[in-house]
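Student: Take this structure, written in structure tokens, and hold onto it; I'll ask about it next.
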Amino acid sequence: MLENVASLSITTDIWTSDNNIAYLTVTCHFIFDDRLYSPVLATREMRESHTGVNIANLLSNILNEWGIKDKIVTIVSDNGSNIKNAINAHLRKHHHPCVAHTLNLSTNEAIMSNKDFLDVLKKCRTLVGHFKHSVFASEKLKELQTQMGLLVLKVIQDVSTRWNSSVHMLDRLVEIKAPLSAAMTFLPRTPDFLTAIDWELITDCLPILKPFDIMTVELSGEIYPTLSSVIPLVRDLQHTLKSIITNTTAGNALQKITIDVIGRRLGILECDKIVAKSTFLDPRFKKAGFGLIENANNTEKLLIEELSYILNNNHQEDTCCVPINVESNVLWKQFDTKVSQVRSTLSTGITASLIIRQYLEMPYLNRKQSPLDFWKKNKNTFPELYMLQIKYLSVPATSVPSERVFSKAGQITNDRRNRLHPKNLDFIIF
């Protein structure tokens, strides 16, 4: 497959196993036969220090092994300075920052700046921790849910490294508020329960944080194009945040800072060439996916330039097709000359801008339909645009695919298998 694709993208990240061995994982993303593929290429032990040079050397070895180094459109990773240095300075490839990581940084910045919300979050963690560690408390909660005819649900403990786990924790507490309040009256030595003001703050802040979680999940997919959705999702996120009505001081403060952070950290993606081209070539979005019409127009110009280059190359290839044996084809000379003239006229007449205009005039694809199905049906109508969508729609929005490997690897290299050789781990994960 990799030998037959002209362009692809990769994601990469470094992680450390339980027995303190560092690994670098690489996943590959490409469209082949109108399907999106996201295989794991390698999980290699990293013995040297994690400098830009060492990361670049290991990445280079993996890419050369597969013969794909010259086919890479972009490399997606987190914003770590060492990995960015490896990609930009040493490999001389385009680096695309993981959007999920940027969303994580954005929400953490907003939450950490809100003391009132942090205080309530701390109380919630203590409360959930008590129900997690006390068998009597969890059984009482379960018993009361059954008596009230409610769905039996457990509390959810958040994880410090996953901001959205805090959203899930708070959401669950709101969901089981009634049985939880009742259970507290039966329990001795319980932590402080949430006050009416605390509950009000939680219900005020949750609608602000939930859209971030939904967006993270949607952009973390592997079996459908994700990069093309980034720009319209960021615009919709901004619109959603502005439309929320808050009732508390903490909620109002959280709303303001999230709007500010999103504009600062994610608003610039509309001007990113690769992200913008991906959105434009998605028949669900085209120009309507952009927030500013000038950004959509700039992207159109960039695609016309790239399309013109492809058309010129194709035209040169066509004009170079001379019969091998001219003597035997002497009778066809007049006909071949005539066809050559017609072909030349067509090549100069059907310009890149006309192709783009024809594409834009087609009806928008339903948002729930696959853009890959659209391009499969229209590959003969727009052969050059079809080539470009293969290049840009296959780029993942996040480095989540390589991070998912960590979870799988953690199940393989556990305490009972801590002497598993790194080479064998690579084979098993592959």
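Student: Could you list, in sequence order, all residues of the range 382-407 that are modelled with pLDDT under 90, buried (at least 23 other Cβ atoms within 10 Å of the Cβ) and outside any loop (DSSP other than H, G, I, E, B)?
Tutor: Of everything in the range 382-407, those that are modelled with pLDDT under 90, buried (at least 23 other Cβ atoms within 10 Å of the Cβ) and outside any loop (DSSP other than H, G, I, E, B) turn out to be V400, P401, S402.
Student: Among the β-branched types (V, I, T) and either open to solvent by 20 Å² or more (accessible area, probe 1.4 Å) or at pLDDT below 90 (or both): does that describe T279?
Tutor: Details: among the β-branched types (V, I, T): yes; either open to solvent by 20 Å² or more (accessible area, probe 1.4 Å) or at pLDDT below 90 (or both): no.
No: the conditions fail for T279.
Student: Inspect the range 12-19 for any residue being modelled with pLDDT of 90 or more and in a loop (DSSP other than H, G, I, E, B) and give the result as yes or no.
Tutor: no
Student: For residues in the range 20-50 being in a strand (DSSP E or B) and among the basic types (K, R), which is modelled with the lowest pLDDT?
Tutor: Here is the first cut: in the range 20-50, the residues in a strand (DSSP E or B) are 22-32, 35-37, 40-45.
Pick out the ones that are also among the basic types (K, R) and you get 35, 44.
On the way: R35: 94, R44: 91.
Ranking the qualifying residues of the range 20-50, first place goes to R44.
Student: If you don't mind, there's one more thing I want to ask. Please pick out the residue among I55, I68 that is at pLDDT 90 or above, more than 23 Å from I390 (Cα to Cα) and open to solvent by less than 20 Å² (accessible area, probe 1.4 Å). Lay out the reasoning, then the answer.
Tutor: Values: I68 fails: more than 23 Å from I390 (Cα to Cα).
Going through I55, I68 in turn, just one is at pLDDT 90 or above, more than 23 Å from I390 (Cα to Cα) and open to solvent by less than 20 Å² (accessible area, probe 1.4 Å): I55.
Student: Next up: List the helices (runs of 4 or more DSSP H) inside the range 138-229, counting only whole elements, that have at least 1 residues being touching a strand residue (DSSP E or B) at 6+ places or on another chain (Cβ under 7 Å). Give the derivation first.
Tutor: Details: elements: 163-175, 177-184, 196-219.
Correct list: 163-175.
Student: Among the numbered criteria (1) under 24 Å from the mean Cα position of the chain (by Cα); (2) closer than 14 Å to V405 by Cβ, which single criterion is violated by A6?
Tutor: The single condition A6 does not satisfy is (2).
Student: If you don't mind, there's one more thing I want to ask. From the residues in the range 51-79 that are part of a helix (DSSP H, G or I) and charged (D, E, K, R), which one is farthest from L8 (Cα to Cα)? Outline the logic, then answer.
Tutor: Keep residues of the range 51-79 that are part of a helix (DSSP H, G or I), which gives 52-66, 69-71.
Right, trim to charged (D, E, K, R) and you get 65, 69-71.
Working: E65: 15, K69: 10, D70: 10, K71: 6 Å.
The extreme case among them is E65.
Student: Out of the range 28-59, which residues are farther than 20 Å from E403 by Cα, touching a residue at least 24 places away in the same chain (Cβ under 8 Å) and under 24 Å from the mean Cα position of the chain (by Cα)?
Tutor: Passing the criteria: I31, F32, D34, R35.
Student: Still on this model: Applying the selection to the range 65-81, what residues are closer than 27 Å to S278 by Cβ and over 21 Å from the mean Cα position of the chain (by Cα)? Write out each step before concluding.
Tutor: Going residue by residue through the range 65-81, those that are closer than 27 Å to S278 by Cβ are 66-81.
Scanning the range 65-81 gives W66, G67, I68, K69, D70.
Student: Something else now. Looking only at the range 233-263, filter to residues that are of a type in the set (K, R) and either closer than 30 Å to D198 by Cβ or touching a helix residue (DSSP H, G or I) at 6+ places or on another chain (Cβ under 6 Å) (or both); which one of those is surrounded by the most Cβ atoms within 10 Å (Cβ to Cβ)? Spell out how you get there, then give the answer.
Tutor: As a first pass, look at the range 233-263 and keep what is of a type in the set (K, R): 235, 242, 256.
Then keep just the ones that are either closer than 30 Å to D198 by Cβ or touching a helix residue (DSSP H, G or I) at 6+ places or on another chain (Cβ under 6 Å) (or both); that gives 242, 256.
Working: K242: 9, K256: 14.
Filtering first and then ranking leaves K256.
Student: Kindly provide the set of residues from the range 187-232 that are of a type in the set (A, V, I, L, M), closer than 19 Å to T102 by Cα, surrounded by 20 or more Cβ atoms within 10 Å (Cβ to Cβ) and over 10 Å from the mean Cα position of the chain (by Cα), ordered by number. Explain how you work it out, then say what you get.
Tutor: Applying the first criterion (of a type in the set (A, V, I, L, M)) to the range 187-232 yields 187, 194, 196-197, 201-202, 206, 208-209, 214-215, 217, 219, 223, 227, 230-231.
Imposing the further condition that a residue be closer than 19 Å to T102 by Cα reduces the set to 208-209, 214-215, 217, 219, 227, 230-231.
Among the residues that remain, those that are also surrounded by 20 or more Cβ atoms within 10 Å (Cβ to Cβ) are: 208-209, 215, 219, 227, 230-231.
Within the range 187-232, I208, L209, I231 qualify.
Student: Take the residues of the range 80-120 that are in contact (Cβ under 8 Å) with a residue 40 or more places away in the chain and among the charged types (D, E, K, R): which is most open to solvent (accessible area, probe 1.4 Å)?
Tutor: Here the answer is D116.
Student: Which condition does E143 not pass, out of (1) under 30 Å from E48 (Cα atoms); (2) more than 29 Å from the chain's Cα centre (by Cα), if it passes all the others?
Tutor: All conditions pass for E143, except number (1).
Student: Among the residues of the range 169-183, count how many are open to solvent by less than 20 Å² (accessible area, probe 1.4 Å) and of a type outside the set (V, I, T).
Tutor: Taking the range 169-183 and keeping what is open to solvent by less than 20 Å² (accessible area, probe 1.4 Å), we get 169-170, 173, 176, 179-180, 183.
So of that shortlist, the ones also of a type outside the set (V, I, T) come out as 169-170, 173, 179-180, 183.
Number satisfying all stated conditions: 6.
Student: Exactly one condition in (1) touching an Asp or Glu at 6+ places or on another chain (Cβ under 7 Å); (2) under 30 Å from E403 (Cβ atoms) is not met by Q157; state its number.
Tutor: That leaves (1) as the condition not met.
Student: Same structure, new question: Could you say which residue among S160, S166 is surrounded by 13 or more Cβ atoms within 10 Å (Cβ to Cβ) and either of a type in the set (G, A, S) or more than 38 Å from the chain's Cα centre (by Cα) (or both)?
Tutor: On the way: S160 fails: surrounded by 13 or more Cβ atoms within 10 Å (Cβ to Cβ).
Just one listed residue meets the conditions, S166.
The values are calculated or read from the model by the stated rules, or taken from the named source; none is laboratory data. Given the structure is predicted, the values throughout are model-derived calculations rather than measurements. Using ideal geometry, Cβ is built from the backbone for each residue, glycine included, and neighbour counts are taken over all protein chains shown. Ligands, DNA and RNA are stripped out before the accessible areas are found, and what is left, the full protein with its side chains, is counted by its heavy atoms. Shrake-Rupley method; radii C 1.70, N 1.55, O 1.52, S 1.80 Å.
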